[in-house]
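Every number in this text was worked out from the coordinates using simple rules, so none of it is lab data. Model, not experiment: these values are computed from the prediction. Cβ atoms come from the backbone with ideal geometry, glycine included; neighbour counts cover every protein chain shown.
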Amino acid sequence: MNTIAIVVHLLSAVVWVGGMFFAWVCLRPVAAVQLEPALRLPLWISVLGRFFTWVWIAVVLLPVSGAWMIVRVFGGMAAAPLYVHLMLGVGTAMILIFLHVFWAPYRALRRAVTQGDLKEGGRRLAQIRRLIGINLILGILVVIIASGGRAL
């Protein structure tokens, strides 16, 4: 069962962090250059909608699989090493940022585009971009901690 928890945990992290990397580093610059706001904003609503479905799955599976491993492998947080505490802290911050993005600027982006307010939609997309950039940095930090954490 520990192996399943590790696989679920890693795959969830790869989907979330990898998706942010693709969106931020690959899709965003191309869409910004090649598409006018009237096309770009609906594209982002669709892309983020699909991506956020997977992030919601990760937001559930990461804490559940992480808690399972903390209890089964370490016997609880008191015995867990520093790198586990760091991953939990950074992961919690990432989840909170995602929840904010989903419930505030993403909903506002969808509303603005539905109402034809491209200026407000662009403002909300820029806000999402900044927050996903922060989450991407935090996600990369978690990957570094996870892969090299035992040395801490």
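Listing for the model above:
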item: The stretch 15-97: radius of gyration and largest Cα-Cα distance (Dmax), Å; result: 17.2, 54
item: In order through the stretch 18-33: 3J(HN,Hα) via Karplus (6.51 cos²θ - 1.76 cosθ + 1.60), integer Hz, x for Gly, Pro; result: x, x, 5, 4, 4, 5, 7, 9, 9, 6, 4, x, 5, 4, 5, 7
item: Inter-label distance for residue 53 and residue 123, nm, one decimal - labels placed 7 Å from Cα along Cα-to-Cβ; result: 3.1 nm
item: The stretch 2-151: relative contact order in percent, alpha carbon pairs under 8 Å with at least 6 residues between; result: 34 percent
item: Ranking of 36, 120 by count of other Cβ atoms within 10 Å, fewest first; result: 36, 120
item: At 0.890 mPa s and 25 °C, Stokes D of the chain from Kirkwood alpha-carbon radius, µm² per second; result: 149 µm²/s
item: Positive dipole terminus of the stretch 1-138, leading residue within 68, 94, 105 (C-beta point charges); result: 105
